[in-house]
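S.K.: Quick one: structure below, then a few questions.
The values are calculated or read from the model by the stated rules, or taken from the named source; none is laboratory data. Source: prediction; values computed, not measured. Cβ sites come from the backbone with ideal geometry, for glycine too, and all protein chains shown count toward neighbours. SASA here: full protein model, heavy atoms, side chains in, ligands and nucleic acids out. Shrake-Rupley method; radii C 1.70, N 1.55, O 1.52, S 1.80 Å.
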Amino acid sequence: MRLGCIGDDFTGSSDLANTLAKGGMRVVQYCGIPDGPAAQNVEAGVVALKTRSIPAAEAVRQSLAALDWLRAQGCEQILFKYCSTFDSTPEGNIGPVADALAEALDAPKVVVCPAFPGAGRSIYQGHLFVADRLLNESGMQNHPLTPMTDPDIRRWLAAQTSYSVGHVPAADVFAGPGRIVEALDAQHAKGHRLIVVDALRDADLVAIGRAAADLPLITGGSGIAIGLPANFGCTPAPVPWQGQPGRGAILSGSCSNATRAQVARHAARHPAREIPGAEVIEGRLSAADIADWILAQDGLPLAYSSADPAEVARVQDRFGRETAATALEGFFAEVARRLVAGGGLTRLTIAGGETSGAVIEGLALNHLQIGPEIAPGVPALRAGPDLVVALKSGNFGAEDFFEKADAVLSGGI
Ligand SMILES: Nc1ncnc2c1ncn2[C@@H]1O[C@H](COP(=O)(O)OP(=O)(O)OP(=O)(O)O)[C@@H](O)[C@H]1O
Ligand SMILES: O=C(O)[C@@H](O)C(=O)CO
């Protein structure tokens with residue numbers, strides 16, 4: 001293993017694995033820290049953790065344990081993957097985890113670059129945009145767990161890290177890898193350790209990747225990996241895939257704008273059932289009810305708790321954010337266990353990073369093979385001989401994503 005990656009959620013990790021696989025690297029996504037060595041032929045290992053929204057100290061502990069495992073596999077470079085919308089709170093967890101990894105790796109200059117132009121995320125003058133909106137006007141200000149209320153990534157990160165935050169502006173990035181190296185050195189000389197790097201286009205990310213070839217630690221969204229396979233001598237290659245026959249279903253716990261539009265479209269064409277948050281938390285709706293309902297449907301059924309910001313706020317005010325998240329995530333995990341038990345379902349598409357993490361952990365899956373891309377940032381994944389999954393980040397995918405995902409998973413596209 002040459003490139004070791006630590007992802008702070010499961011969908012984001014599959015997003016990163018997708019980028020590396022398209023770049024020609026042999027990648028495996030591990031669900032949590034493996035308890036044995038990796039297979040010999042793996043070039044890039046992505047350890048998916050569920051550390052985005054947990055207490056910072058625990059996120060640091062798990063990330064350092066993942067680092068130990070990756071180093072034991074022989075990795076030459078470490079990539080810490082977080083969300084392209086920099087999902088975090090003033091307490092963390094991006095800053096604390098980046099600090100801890102930088103210290104463990106003795107990394108003097110750490111690139112911080114969540115840009116993912118393919119999904120509309122760009123960074124200019126240290127500010128993060130989602131398409132033509134600043135981050136804090138993109139809908140992310142209403143995120144249920146990590147509301148993003150400041151688009152200045154330098155300022156947001158500064159609240160989380162114990163190091164000084166620097167910046168490499170677009171003008172330097174546009175001038176190519178040599179200038180980026182100089183600019184990183186200059187920021188380091190000024191005493192900055194975590195350095196936000198502007199990027200607007202894939203070409204910028206390729207240049208940053210080249211400039212980062214010798215850095216022990218890189219951090220960013222999946223975009224930061226675009227240029228990395230070439231550093232390891234890999235070239236883009238088609239990703240093989242064997243479609244999975246059987247039955248599929250969709251589970252959605254994501255409340256993002258994109259997911260809610262996907263849910264609305266799918267519900268107009270297929271069997272769909274809402275999972276009201278309050279009913280789950282008060283125990284008035286059971287996972288068995290939902291699983292039985294799904295198994296009784298024809299077509300491509302969808303069960304969703306996806307709700308608009310006002311409803312999410314009502315539920316969180318009434319029960320507390322943590323209580324709501326724990327109850328809903330545990331619920332989805334139990335629904336998934338029941339669906340997959342006995343081979344009932346063979347294809348699962350899950351929307352939402354926390355939701356996906358809960359489901360993958362609930363199914364006790366330990367690694368995922370990366371298949372072809374369904375939409376930017378979302379690959380098909382093989383979880384076992386009879387089970388394939390797609391893990392959709394909240395804001396990814398076009399409105400017909402759910403139909404498309406099941407079609408790719410089944411081998412129909
Ligand atoms: N009906 C609901 N009422 C209140 N909270 C909800 C409801 N449905 C989901 N949630 C909360 O929203 C969270 C959604 O997080 P999740 O990470 O799954 O989606 P996302 O943030 O859109 O995806 P991503 O992290 O990939 O962008 C859940 O963990 C849960 O806490
Ligand atoms: O970077 C992204 O936007 C995604 O991979 C993700 O992490 C969302 O959860």
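S.K.: Which of Leu70, Leu128, Leu145 ends up with the largest GNM mean-square fluctuation for the chain, with Cα atoms connected below 10 Å?
M.R.: Top of the fluctuation ranking is Leu145.
S.K.: Quick one: check the C-alpha center-to-center distance for the stretch 40-85 versus the stretch 355-398, whole angstrom.
M.R.: 18
S.K.: In deg cm²/dmol and to the nearest 500, what is the mean residue ellipticity at 222 nm of the chain if only DSSP H runs of at least 4 residues count, each as -39500 (n - 2.57), divided by the residue total?
M.R.: -11000 deg cm²/dmol
S.K.: Report for the stretch 3-232 the percent antiparallel among DSSP-assigned beta bridges with both residues inside it, nearest 5.
M.R.: Roughly 25 percent of the DSSP beta bridges within the stretch 3-232 come out antiparallel.
S.K.: Continuing with this model, one more query. In what sequence, highest mean first, do 233-242, 187-196 appear when ranked by Cβ atoms within 10 angstrom?
M.R.: Peptide ranking by packing, descending: 187-196, 233-242.
S.K.: May I pose another question? Using the alpha-carbon atoms, what tilt in degrees (0 to 90, nearest 10) does helix 177-189 show relative to the longest principal axis of the chain?
M.R.: Once rounded, one gets 80 degrees.
S.K.: To continue, here is another question. Using Stokes-Einstein with the Kirkwood hydrodynamic radius over Cα pairs, what translational diffusion coefficient do you get for the chain at 25 °C and a viscosity of 0.890 mPa s, in µm²/s rounded to a whole number?
M.R.: 116
S.K.: Hey, how many Å between the Cα centroid of the stretch 190-215 and the Cα centroid of the stretch 92-155?
M.R.: 14
S.K.: Take the alpha-carbon centre of the stretch 161-187, take the same for the stretch 232-294, and report the distance between them in whole Å.
M.R.: Taking the Cα centre of the stretch 232-294 as reference, the centre of the stretch 161-187 is 40 Å away.
S.K.: So, with a 1.4 angstrom probe, what is the percent of accessible area on the chain that is carbon and sulfur?
M.R.: Accessible surface attributable to carbon and sulfur in the chain totals 51 percent.
S.K.: Among DSSP bridges having both ends in the stretch 248-410, what percentage is antiparallel? Round to the nearest 5.
M.R.: About 35 percent, rounded to the nearest 5.
S.K.: Between Ala264 and Ser286, with labels modelled 7 Å along Cα→Cβ, what's the label distance in nm to one decimal, could you check?
M.R.: 3.5
S.K.: For the chain, with a Gaussian network of springs between Cα atoms less than 10 Å apart, report the residue from Ala307, Ala341, Ala44 with the top mean-square fluctuation.
M.R.: Of Ala307, Ala341, Ala44, the most mobile in the Gaussian network model is Ala341.
S.K.: Relative contact order, percent, of the chain when contacts are C-alpha pairs under 8 Å separated by at least 6 residues?
M.R.: 20
S.K.: Calculate how many DSSP beta bridges within the chain are antiparallel, expressed in % of all such bridges and rounded to the nearest 5.
M.R.: 30
S.K.: If you don't mind, another one. Over the residues of the stretch 65-113, compute the C-alpha Rg and express it relative to 2.2 N^0.38 Å.
M.R.: After normalising by residue count via 2.2 N^0.38 Å, the value is 1.20.
S.K.: Which of the lysines could a cross-linker bridge to Lys190, judged by Cα under 20 Å and excluding same-chain residues fewer than eight apart?
M.R.: Lys109
S.K.: Moving on to the next point. Show which lysines lie in cross-link reach of Lys22 when reach means a straight Cα distance below 22 angstrom and same-chain residues fewer than eight apart are skipped.
M.R.: Answer for Lys22, where 22 Å is the Cα cut-off: Lys81, Lys392, Lys404, listed by chain and number.
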